[in-house]
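Read the structure below first, then the notes.
None of the figures in this text is laboratory data; all of them are computed from the coordinates on show. The structure displayed is predicted, hence computed values, not measured ones. Counting neighbours? That spans all protein chains shown, and the Cβs are built from the backbone with ideal geometry, glycine included.
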Amino acid sequence: MISGAAYGVVLNDARQRERLAEAFCAPPYRAPPKAPVLYIKPRNCFRFGGAPVPLPPELAEVEVAATLGLLLARDLAAAEPADVWASVGAMCLAIDVCEPHDSFYRPAVRQRCRDGFLPLGPFTASSPQVGEIITDIDGGEAHRWSLDRLHRPIETLAAEISAFMTLCAGDLLLVGLAGDAPRARAGQTVTVRARGLPSLTTRLEAESEAT
Amino acid sequence: MKRARIAWEGRPVWAQVIEDGAALRLPHGARIDAASADWLAPTTPGATAFALGLNYADHSAELGFRAPQTPLVFLKAGATFTGHKGTTPIPEDARQMHPECELVAVIGKPAKRVSRADALDYVSGYTIACDYAIREYLENYYRPNLRVKNRDGTTPLGPWIVDAADVGDPQALALTTRVNGVEVQAGTTADMVFGVAALIEHLSEFMTLAPGDMILTGTPHGVHFVAAGDEVVCEIEKVGRLVNRVATA
């Protein structure tokens, strides 16, 4: 159903921003972020139906950040927050996989855009009521977070992005990542679940195994 | 061969550029004058678009940076692309918006862990991008940030894709930008820090490139701020001439 781009946003976790408040004012940042800090997950990242995530041998572990993906059904441009949900056609759980990195200075394409680094769960009808997003690793709970932690709630986030670029019908918007997202290694199975949404399970596989 | 994507009878079609650019041949053989074409960006839906920052040493120096040790890669998507003879909106508060003429390599077959020596075999063609930036909106988070580089209509692309075989060495092409007829950028792709082959080697080392993916290879020096009404022409030897107009948002 994704015919366009997948956009994600970092530094949208209020707790993480609080923790980084001092760093934001030091080099290389020199000022706290003003606009939403976006990144793009290209099509080679997408994995559906529980397909495994290949991990190259040099990556001992990766961050597995559970989040919510919103599929746009209508273009969203110069929108007000109150208009946002009317343009969202479906939603899904997602695992934004990345190589852990501390710096937010340069786009993290190498860290975020490897093949298979965006497993997506089945789409379901959208609803603003999303419960806690829980991540299990090998069957044990490893992390849980609530979207109440978002610095910009979904409506504000999408509206502010739409002020400078159109979120197009067919695009996916990942609404934010927990600053304390867990890490996992090759061989481990990751499940993400939330009330009212189809859950998503994937396995991290050493690259030779998966290809 | 040159292939252009145009809107024709309500749908996007790929047309062959003929008669030295004066005409286009439509998929079923009909001919139209190039002057009457409704040009679209020559993109493949869903394809990945990579762009390079600071990939010419002289441009890095001009902006106060040292040339990077590894390619400074960012991504573009969606509504940022616009076709030949399109318009690019300039926001009312933008005083520092500048065009950047760039050679674009188009990938022709899946590329994973490709060596520099083999990399050009994976390029099917080349086109031109004018990768506008608005410096007021730069922030030091995933810089250059999308508010600068992924605004609607701020990446004119085209007018067509030229077959790689017709271009030959991608590191020996003169490129220029003219604003209202005045040259504001003049460089050569020979001055890239990371050439097309090196970029394909770099990207394909950690991800698979697919047919239709594009690499916008960065721009040489020459920061010139534009205003609404300006005509911007980016030209690259052996590839073509991309025309764009800046318009009030």
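Averaged over the residues of B:205-214, the number of partner chain Cβ atoms lying within 10 Å of the residue Cβ comes to 4.
Name the shape class, rounded, prolate or oblate, that the alpha-carbon gyration tensor gives for chain B, where a ≥ b ≥ c are the square roots of its eigenvalues, rounded holds for a/c under 1.5, and otherwise prolate holds if a/b is larger than b/c and oblate otherwise.
Values: a/c = 1.56, a/b = 1.10, b/c = 1.42.
Oblate, since a/c reaches 1.5 and b/c is not below a/b.
When all alpha carbon pairs of the range A:1-128 are counted in 5 Å bins from zero, the resulting P(r) reads 2, 9, 17, 20, 18, 16, 12, 5, 1, 0 %.
Give me the dipole magnitude in Debye, nearest 20, for chain A about the Cα centre, with unit charges on the beta carbon: positive for Lys and Arg, negative for Asp and Glu.
Values: 21 positive and 25 negative charges, 49 e Å.
That gives a dipole near 240 debye.
Spatial offset of the range B:58-98 relative to the range B:2-17 amounts to 27 Å, using the alpha carbon center of each. Contact order for the range B:31-131, expressed relative to its length and based on alpha carbon pairs under 8 Å spaced 6+ residues apart, stands at 23 percent. Each Cα pair under 8 Å and six or more residues apart adds its sequence gap; the mean of these over the residue count of chain B is a relative contact order of 27 percent.
Quick one: which of B:103-111, B:164-172 comes out on top by average Cβ neighbours within 10 Å, and what's the full order, highest first?
Numbers: B:103-111: 21.4, B:164-172: 14.9.
The packing order, highest mean first, is B:103-111, B:164-172.
With a 10 Å cut-off between alpha carbons and a GNM built on chain A, which of A:Glu58, A:Glu80, A:Glu155 moves the most? Of A:Glu58, A:Glu80, A:Glu155, the most mobile in the Gaussian network model is A:Glu58. Computed across the range A:32-96, the Kirkwood hydrodynamic radius from all distinct Cα-Cα pairs reaches 14.9 Å. Obtain the radius of gyration and the Kirkwood radius of the range B:127-171 from its C-alpha atoms and give Rg over Rh. Using only Cα positions, Rg/Rh for the range B:127-171 is 1.15.
Rg and Dmax, both from the Cα atoms of the range B:1-112 and both in Å, are 17.7, 52. Counting Cα-Cα pairs of the range B:75-123 in 5 Å increments starting at 0 gives whole-percent bin shares of 4, 12, 16, 19, 15, 11, 9, 8, 5, 0. Here the range B:74-215 yields Rg over Rh of 0.97, to two decimals, using C-alpha coordinates and the Kirkwood radius. Could you compute the longest span of chain A free of trypsin sites (Lys or Arg not before Pro) located in DSSP loops and having at most 11 other Cβ atoms within 10 Å, not counting the site residues? Maximal segment without exposed cleavage sites: A:31-194. Taking a ≥ b ≥ c as the square roots of the Cα gyration tensor eigenvalues, with a/c under 1.5 meaning rounded and otherwise prolate when a/b beats b/c, else oblate, which class fits the range B:147-249? Cα axes put the range B:147-249 in the prolate bin. Running a GNM on chain A with Cα contacts under 10 Å, which residue among A:Pro57, A:Pro153, A:Pro182 ends up with the highest mean-square fluctuation? Largest GNM mean-square fluctuation: A:Pro57. Assuming charge only on the beta carbon of Lys and Arg (+1) and of Asp and Glu (-1), the dipole of the protein assembly as shown about its Cα centre is about 420 debye to the nearest 20. A DSSP coil position with no more than 16 other Cβ atoms inside 10 Å describes the following chymotrypsin sites (Phe, Trp or Tyr not before Pro) in the range B:171-239: B:Phe225.
Hydrodynamic radius of the range B:1-63 by the Kirkwood approach over all distinct alpha-carbon pairs: 13.9 Å. Backbone geometry of the range B:60-70 corresponds, through the Karplus equation with coefficients 6.51, -1.76 and 1.60 at θ = phi - 60°, to 3J(HN,Hα) couplings of 4, 4, 4, 8, x, 10, 7, 4, x, 7, 10 Hz, x marking Gly and Pro. Footprinting exposure proxy ranking of B:Thr155, A:Thr189, fewest other C-beta atoms within 10 angstrom first, gives A:Thr189, B:Thr155.
Can you find, among A:Ala21, A:Gly69, A:Val9, the residue sitting farthest towards the positive end of the charge dipole of the protein assembly as shown, where Lys and Arg contribute +1 and Asp and Glu -1 at Cβ? Value: A:Gly69. Here's the picture: charge each Lys and Arg Cβ at +1 and each Asp and Glu Cβ at -1 in the range B:189-249, and of B:Met207, B:Gly218, B:Leu242 the one pushed furthest to the positive end of that dipole is B:Leu242. Counted by neighbouring Cβ atoms within 10 Å, the residues A:Phe24, A:Phe104 run from fewest to most as A:Phe24, A:Phe104. Based on DSSP H segments of at least four residues, each scored -39500 (n - 2.57), the protein assembly as shown has a per-residue ellipticity at 222 nm of -2500 deg cm²/dmol. Each of A:Leu200, A:Phe46, A:Ala186 was scored by the projection of its Cα onto the charge dipole of chain A, and the greatest displacement toward the positive side belongs to A:Phe46; charges sit on the C-beta of Lys, Arg, Asp and Glu. The phi-based Karplus calculation (6.51 cos²θ - 1.76 cosθ + 1.60; θ = phi - 60°) puts the 3J(HN,Hα) values of the range B:235-249 at 10, 10, 3, 6, 10, x, 9, 9, 10, 8, 10, 8, 9, 4, 5 Hz, whole numbers, x for Gly and Pro.
Remark: mean inter-chain Cβ contacts per residue of B:164-170 equal 0, using a 10 Å Cβ-Cβ cutoff to other protein chain atoms.
Exposure proxy shown here: for B:Val182, A:Val88, the number of other Cβ atoms within 10 Å sets the order, fewest to most, as B:Val182, A:Val88.
With a 10 Å cut-off around each Cβ of A:32-45, the average count of Cβ atoms from other chains is 6.
Cα-Cα over 28 Å: which of B:Lys85/B:Lys238; A:Lys41/B:Lys112; A:Lys41/B:Lys238; B:Lys76/B:Lys109? Before the final figure, lay out each step's value.
Details: B:Lys85/B:Lys238 19 Å; A:Lys41/B:Lys112 18 Å; A:Lys41/B:Lys238 33 Å; B:Lys76/B:Lys109 20 Å.
Violating the 28 Å limit, Cα to Cα: A:Lys41/B:Lys238.
Based on the convex hull around the alpha carbon atoms, the range A:107-211 presents an average projected area of 8.1 nm².
Once the convex hull of all Cα atoms in the protein assembly as shown is built, its volume per residue stands at 144 Å³.
For the range A:92-211, calculate the relative contact order in percent as a whole number, restricting contacts to Cα pairs under 8 Å that are 6 or more residues apart.
Details: 152 pairs, mean separation 37.5, N = 120.
Relative contact order comes out at 31 percent.
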